[in-house]
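Below is one structure; the comments refer to it alone.
What follows is calculated from the coordinates using simple rules that are stated; it is not laboratory data. Computed from a prediction, not measured in an experiment: that's the story for all the values here. Neighbour counts run over all protein chains shown; Cβ positions are idealised from the backbone, glycine included.
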Ligand code: MCA
Ligand code: AMP
């Protein structure tokens, strides 16, 4: 057996079923892609990318709608040995401009609709190539790749070689590029394959319903790697739709979602025991799953949702067990290979049941923030633990409960919203003296932002205009759902804005 390099794609490819003509991905519009299609398509795209004469660590930035071709572009970037940079399709030019300047991608792939403004920003950031990829298989990328050979040798990689950069906007406003290596992703994918009992084709196989975006870790790694490293078919939904999910449940075995997806599925009368009889596993993460949701799901379907906890910087950290007790309200014990500890403000390791800062260590923990060595150093302890910014406790049986965050972060429908980023935009608006953005509970999205804005003396501010200005500049999901103009913000003795008082006032 030739030594398979640490290139993640090589390991995914090694797991493809023997019958390459079996269906690997079936879309909600009925298109079917075989395993051979995946291998040929990614080979042609990889050959095309390599024909551009790119530097070995070239970044390939991608901001497109979800499609199987976008999946192939991700896999092609891995097999060609370049660095994949997925960007939320909701980002607008101010956000994209930052990522292009920071990551300096050699190639940008965008939708035809955005081609005009993206090329302007990309070329001024020094990018040499911009291609289009649309969700109807049109665009210059596929036209050019169609000329390339479908024979491609996967580029050899070491475990520590960079594979992906995922931007997680910093709680201090400036986005940070989390650098994930082939080894980070492969180690986590192999652990989860066993921990969640993925079944090979010989064991009856698994079928995953993929209803998440593929520009974040949950949909791009946990879901896609989970299926591919097990040679499992994916039912590929371009966008989450609860009725579509219900329709496909009888033909699937595994579903992954953020809590909002479960809340919306529970609102469907068609959700019941018989609809979910064929399923073996429902996984939730990216945001807290309310105990009410966990219990309601169990009553309606008989399934106990398996909740797990992860981060862009670490992929998956903890998980409720497949066989053991799945405890609603907890994120389960640390995964095999992950060291997790709870630390007091004084840096002391706390005993079971005591609440403190969660720190982690393991082969899944990222290689640092892109071109931010000082910021990276701040986020690790001297003995190599990564500070998650999450607050929680370990109980006597090793189950982790997340009780809050020390980082100023709102998680809305599974997307991270950073108050610092919004506050800096609001503070730059004319007539604004200062602002604070806080999270308040929301039945659908779990938590949404509320902006509290103080005008400059003598200025009249209109809340609706503030929200409209944000909507024109930032990805929609970040825009606070409410805005209140007030005379001043509550501050403590040190002059720090008391966001907890604002949360109580506006919840
Ligand atoms: C859409 N809107 C939102 C959100 N999504 N507002 C706040 N939060 C959101 N998440 C806005 C839309 O812009 C629209 O605004 C209005 O809400 C209604 O849109 P709707 O149709 O309800 O939204 P949707 O398109 O159905 O999206 C809801 C969604 C989506 C399906 C829950 O947000 C989603 O797919 N979330 C998954 C995020 C994810 O993959 N997270 C993983 C991060 P308007 O009406 O004004 O136009 S990775 C991670 O966290 C770690 C690693 C981990 O542990 O997994
Ligand atoms: P991201 O920065 O998008 O990777 O989001 C990671 C953050 O999502 C973590 O630091 C947690 O705050 C939160 N998170 C992920 N999974 C869970 C979960 N199961 N319960 C509560 N919070 C979670």
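Things worth noting here:
- Cα-based Rg / Dmax (Å) for region 453-507: 13.0, 36
- Largest-first ellipsoid semi-axes for region 310-365, taking √(5λ) over the Cα gyration tensor eigenvalues, angstrom: 20, 16, 9
- Relative contact order %, region 303-343, counting alpha carbon pairs below 8 Å whose residues are six or more apart: 35 percent
- Global form of region 311-411, assessed from the alpha-carbon gyration tensor, a/c cut-off 1.5: prolate
- Pairwise Cα separations in region 51-128 fall into 10 Å bins from 0 onward with the following percentages, short to long: 19, 55, 26, 0.
- Alpha carbon centroid spacing (whole Å) that separates region 245-301 from region 418-462: 34 Å
- Working from Cα pairs under 8 Å separated by at least six residues, relative contact order for region 299-411 is 23 percent.
- Per residue Cα convex hull volume in Å³ - calculated over the chain: 158 Å³
- Distance from the C-alpha centroid of region 471-499 to that of region 306-336: 33 Å, rounded to the whole angstrom.
- Considering only the Cα atoms of region 229-276, their convex hull presents on average a projected area of 3.8 nm².
- Longest to shortest principal axis, alpha-carbon extents of region 426-472, angstrom: 37, 19, 15
- Placing pseudo-labels 7 Å out from each Cα toward the beta carbon at residue 352 and residue 500 gives an inter-label distance of 2.8 nm.
- Antiparallel %, DSSP beta bridges [both residues in the chain], to 5: 60 percent
- Translational diffusion of region 378-507 was estimated from the Stokes-Einstein equation, with Rh taken as the Kirkwood radius over Cα pairs; at 37 °C and 0.692 mPa s the coefficient is 202 µm²/s.
- Each pair of Cα atoms in region 247-315 enters the Kirkwood radius, and Stokes-Einstein at 25 °C and 0.890 mPa s then converts it into a translational diffusion coefficient of 198 µm²/s.
- Cβ-to-Cβ counts within 10 Å put 240, 366 in ascending order as 240, 366, the fewest first.
- Extents of region 135-215, largest first, come to 46, 41, 31 Å (Cα atoms, principal axes, whole angstrom).
- Relative contact order (percent, whole number), the chain, Cα cutoff 8 Å, 6+ residue spacing: 12 percent
- Per-bin percent of Cα-Cα distances, region 49-179 [10 Å]: 12, 46, 35, 7, 0
- Evaluated at q = 0.16, 0.23, 0.25 Å⁻¹: base-10 log I(q)/I(0), Debye formula over Cα of region 115-182: -0.99, -1.09, -1.05
- Using every pair of separate Cα atoms, the Kirkwood estimate puts the hydrodynamic radius of region 193-341 at 15.4 angstrom.
- For region 347-370, the residues whose backbone nitrogen is under 18 Å from a point 7 Å from the Cα of residue 377, taken along Cα to Cβ, are 367-370.
- Pairwise label distance in nanometres, residue 112 with residue 272, each label 7 Å out on the Cα-Cβ vector: 4.5 nm
- When peptides 28-36, 494-502 are sorted by average Cβ neighbour count within 10 Å, with the highest value leading, the order is 28-36, 494-502.
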